[in-house]
Amino acid sequence: MAEEERTNKEDTQASGEAEQTQRRSRPQRGRGRRYSRRPRVCQFCADKTKSLDYKQIDLLKRYVTDQGKIRSRRETGACAKHQRMVAKAVKRARHMALLPFAAERYR
Ligand SMILES: [Zn+2]
């Protein structure tokens, strides 16, 4: 049984408040969930962000791992629309060498 796939249902709904209480009881088995649960509120929707710029590195940095990877929606909590914008902005920023494609290799 794939435990990764189970969040799809709640992702389809953009409003993150109603279905909060629904799934809480989950039988303990296997390994626990990977990311801690926190309220699913898209930070950009909360700020009413309409456009994202690749020059806002400080902001974009919060949405990449220290390895330089773009964080998944499960981690960021961003809605589909804004996650797309983030991904696009990060990719542009990478192209402009504002963000790394990959972490620097350390030995
Ligand atoms: Zn959003």
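The values are calculated or read from the model by the stated rules, or taken from the named source; none is laboratory data. Note that this is a predicted model, so its numbers are computed, not measured. Note that we place each Cβ from the backbone using ideal geometry, even for glycine, and neighbour counts take in every protein chain shown.
Looking across the range 60-81, the residues that are in a helix (DSSP H, G or I) and crowded, with 16+ Cβ neighbours inside 10 Å come down to L60, R73, T76. On the given criteria, is R40 in contact with a helix residue (DSSP H, G or I) (Cβ under 9 Å, 6 or more places away or on another chain) and either of a type outside the set (D, E, K, R) or at pLDDT below 90 (or both)? Yes; evaluated as a whole, the condition is true for this residue.
One residue stands out in the range 42-55 among those that are assigned to a loop (DSSP other than H, G, I, E, B) and surrounded by 14 or more Cβ atoms within 10 Å (Cβ to Cβ): the one that is nearest to the ligand (Cβ to nearest atom), namely C42.
Within the range 51-99, which residues are more than 17 Å from the chain's Cα centre (by Cα) and among the basic types (K, R)? Within the range 51-99, K55, R92, R94 meet the criteria. Taken residue by residue, the range 82-93 has no member that is assigned to a loop (DSSP other than H, G, I, E, B), at pLDDT 90 or above and more than 21 Å from R40 (Cβ to Cβ). Applying a threshold of 7 Å to beta carbon distances and a minimum spacing of six or more residues, or different chains, the list of pairs starting in the range 40-67 at a residue that is on the phi < 0 side of the Ramachandran plot and free of Cβ contacts under 8 Å to residues at least 24 places away in the same chain and ending at one that is more than 10 Å from the ligand (Cβ to nearest atom) and not in a loop (DSSP other than H, G, I, E, B) is empty.
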